[in-house]
Every structure is written in C-alpha cells, then in structure tokens.
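The block underneath contains the structure these notes are about, expressed in structure tokens.
The values are calculated or read from the model by the stated rules, or taken from the named source; none is laboratory data. For clarity, every value in this text was computed on a predicted model and none was experimentally measured. Every residue, glycine as well, gets a Cβ built from its backbone with ideal geometry; the counts of neighbours run over all protein chains shown.
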Amino acid sequence: MSENIGRRLVTDIPGPRSLEWQRRRASAVASGVSSVLPVYVERAEDGLLHDVDGNALIDLGAGIAVTSVGAAAPQVADAVAAQAARFTHTCFMVNPYEGYVRVCEELNALTPGDHEKRSMLVNSGAEAVENAVKIARHVTGRAAVVAFDHAYHGRTNLAMALTAKNMPYKHRFGPFAGEVYRAPMSYPFRDPAGLTGEAAARRAIDHIQSQVGADQTAAVLIEPIQGEGGFVVPAEGFLPTLAAWCADRGVLLIADEVQTGFCRTGAWFASEHEGVVPDLVATAKGIAAGLPLGGVTGRAELLDAIHPGGLGGTYGGNPVACAAALAAIALMRDRDLAGAARRIEQRVLPRLTALARRHPEIGDVRGRGAMLAVELVSPDTGAPDAARTARIAKACHAEGVIVLTAGTYGNVLRFLPPLVIPDALLDEGFDVVERAIAAEH
C-alpha cells in the first residue's frame, strides 16, 4: 500500500484524460465490449485503483472476484517477472514445465474431497466449464447436461447455452449447443414461503427426471452460489440433496467455482460450506491474481479416462500465469484469506442488514464471505427494481467507489472487495454505498 491510503477525487468521474481515452477507444475497440465505469486505470494496490487523472477509487469489485490478493501484490509481480525472464511459452503439450504440474498439485490438494484427483489447465472459466462438460459426456456416454435458472457459465457457445440470461449474453448469438436443459434453482428470496432446501432440490430433481431423464443426463452443472445470476445462495440442504441424487444415478456433479473459488466465500471453495464433494470442479478468476488461467479438477478415474490429446490447448496453463497462480495461492494460505473473507462478512453484513431495516426497497441481503449482495425491489409489490439499482451504482461511481450490478432482473448490487482490502477502505466504501441507497429512499 502507498502512504496515501484512501479515496481521492481530484476531477469528476470519469476525468478528462479518461474521457480522452474513451474517445480513442470508440475508434479502436469494438462497441460490443462494454465497461462498467470508463475510468482508465494507471496503477492499483490493495483495494484502490488509481486512474490516469490522479483519482483514487475504492474497489469493491476486484475485477469480478479476480484480484483477491490485490491487483499488484509484490509476491505475484515478482513471480511473474522472474518467470517471464526465463521463458513465456512452450505449450505444455509440446514441452512441459514445472509450473503447470505444481498448479495441478495445488488444485488437487485444495479442492473438496480426499479422493485421488487429476487436473488440467485452461485459459478461462468458460473454457474450464466446457472441458468439464466434455469430460462428463465422454466418461458417462450420455449427452444431456442440466444447468439452472439464473445460471451464468461464460460467453463461448456451449457456455452461453448453459447460461440462463438472454441480454446481453445470448441475444441473437444462437443457435447454441444442444442437449442443454434447465432446472429450477433454489432462490430463497423468490421461492414460495416455507420451501426448504431439500424440497427445492426435489423440485429440481423431479424436473430432471421427467423432462430429461436421469439415464440420459451426463452432468448437473451448478454454481454453489450463483454469481451473475444475483449472488443467489441456495437454501441449506439443496446442494447436498442434489449431490446425493447425482451419486445415486451415475450423474456427474460439476461445481462451477469460477467466481466462488479461492477463499472468496470464507472457504477455499463454496462447496465446502455444506460438505459437498463435486465430481468435477471448474475454476478460474481468483486463481492467478489477474492473469488468464483456469482449471478442471476431478476424480482421477474421470480425467484419466480421456484419450491422450483429447484435452489441452495452445495457451492453457501458460507458464507466466502458473507462476502467478502459485504465488497467489501461497499468499492465500500464508495470510489466511479465507479467514479474511469471513472477517469482511462479519464487518459488512450487519451494516447491510441494518440498512435493509431502514430501507424497505432492499428486499434481500445475502451472500457469504466477501461475496455479498443486496436485491432492490419495489417496496409495494416486491417487483425487481433495476432502475433504482442502476442509479445507486452510478451514484457510487461518481463518488469514487466501484460497485457492480448483477441478477437476472438487473436489480442486485454485488460486492466483491479484494480479500486484502484494509478495514478503513472497506468502511469508507460502504459509507458511500449507504449514502447512495439513502439518497434513493
């Protein structure tokens, strides 16, 4: 951290230099690539982003749960520089190297379950999900894959098919990959009153059995806590009941831990909160502190069943990204960042709960660890209020606090601070959030 700790605004947000870059961007970058806040970053540190105009913004988004160890952790930067000086690429499928193996060893040790595991590395979360589905279909000999309402799994063709939300992710990009089916998710805030987790799971299972067929289903794919879908935390008992059915019917359970993994929810992986052990785990985002890396980890007999050459990719497990991952994982372990996520929850969740008591437009407060959210609704009808959500986010941005929105209905404010954010910055950031919500009352 620098000595100048704290939010600092010396221009409007965005400032004149950011606006100039935005003009240049318009003639160089495809307009389909959007940005939440067009503030051009010059450097970053634990919980602060410094822009080209000299402003310092509090980061409550962490690049969508990526920079958990900070956006410029010295240990990661040093590891990246050292590896880049040795070599930047060979392609693991041509000439292998230690870093890839070491990252796989870490994934095998850290993901849920004490069974023998194998891992493979890729470039992104979408690629991890697609490879997990490939493995499940190959091993089971079945074609159908079941995903859930409100799910988000990425932007490649199969990942879009698995994703629930149309705009902006799927709109006019089809046709999509086939043999993808959708089941109802446990969404406690919007489910019928009194619906237990076990009952919600039985509802999903009945849907799968009647509309897909257990003997046709290769895998059930689920985010243990949904991300883009609105930080939906399923009711207790939903995931274990679903996992037990999968095991009983020979259906593989794939946990998409791309956003929830690597200490984000107060455990190394969100599946751990209810003792669920998936057959396959897809990871990315927080694994490598911002460098592109993802992975699939699962039961050894599953990954070893794939023929040589059936898995891989030119850049998958790039040596520089692997060096970043090893340094980031060491930081998570040494600084107990799972514990840090729990402390963030203890600090922030009571504030959000108290805020909800004062403002009935906050329909729900939810999340785990440093993955927290509020859902904004009409106080009279409970209908989603995306417009209010957007105004609150815009007000936070104008005051130098980066927040993100989410949800199928666009009415969820989600908070994903770096796990290393200092308490003073966290408190200041949520002071701004509180004022923005109060101004909309």
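Checking ALA44, ALA84, ALA72, ALA147 one by one, the residue that is part of a helix (DSSP H, G or I) and of a type outside the set (Lys, Arg) is ALA84 and no other.
Can you tell me which residue among ARG333, ARG343 is exposed (fewer than 15 other Cβ atoms within 10 Å of the Cβ) and among the basic types (Lys, Arg)? Show your work before the answer.
Details: ARG343 fails: exposed (fewer than 15 other Cβ atoms within 10 Å of the Cβ).
ARG333 is the lone residue from the list that is exposed (fewer than 15 other Cβ atoms within 10 Å of the Cβ) and among the basic types (Lys, Arg).
Scanning the stretch 351-370 for any residue that is closer than 30 Å to GLU434 by Cα, among the polar types (S, T, N, Q) and at pLDDT 95 or above turns up at least one such residue. For the stretch 353-373, a residue qualifies if it is under 30 Å from ALA267 (Cβ atoms) and touching a residue at least 60 places away in the same chain (Cβ under 8 Å), and the qualifying residues are LEU355, ILE362, GLY363, ASP364, ARG366, GLY367, ARG368, GLY369, ALA370, MET371, LEU372, ALA373. Taking the stated definitions as given, is PHE148 surrounded by 18 or more Cβ atoms within 10 Å (Cβ to Cβ) and on the phi < 0 side of the Ramachandran plot? Spelling it out, PHE148 is indeed surrounded by 18 or more Cβ atoms within 10 Å (Cβ to Cβ) and on the phi < 0 side of the Ramachandran plot. Among the residues making up the stretch 348-375, those that are within 21 Å of the chain's Cα centre (by Cα) and of a type in the set (D, E, K, R) are ASP364, ARG366, ARG368, GLU375.
From the list ARG118, ARG142, which residue is under 16 Å from GLY250 (Cα atoms), surrounded by fewer than 22 Cβ atoms within 10 Å (Cβ to Cβ) and in the same structural domain as ARG203 (by TED's automatic domain parsing)? Being under 16 Å from GLY250 (Cα atoms), surrounded by fewer than 22 Cβ atoms within 10 Å (Cβ to Cβ) and in the same structural domain as ARG203 (by TED's automatic domain parsing) holds for just one of ARG118, ARG142, which is ARG142.
In the set (1) surrounded by fewer than 24 Cβ atoms within 10 Å (Cβ to Cβ); (2) in contact with a Leu (Cβ under 7 Å, 6 or more places away or on another chain), the condition left unmet by PRO240 is number (2). Is it the case that the stretch 240-257 has a residue that's of a type in the set (Ser, Thr, Tyr) and outside any loop (DSSP other than H, G, I, E, B)? Scanning the stretch 240-257, I find at least one residue that is of a type in the set (Ser, Thr, Tyr) and outside any loop (DSSP other than H, G, I, E, B), so the answer is yes.
Looking at the stretch 77-100, is at least one residue in contact with a helix residue (DSSP H, G or I) (Cβ under 9 Å, 6 or more places away or on another chain), modelled with pLDDT of 95 or more and closer than 30 Å to GLU20 by Cα? Yes, the stretch 77-100 contains at least one residue that is in contact with a helix residue (DSSP H, G or I) (Cβ under 9 Å, 6 or more places away or on another chain), modelled with pLDDT of 95 or more and closer than 30 Å to GLU20 by Cα.
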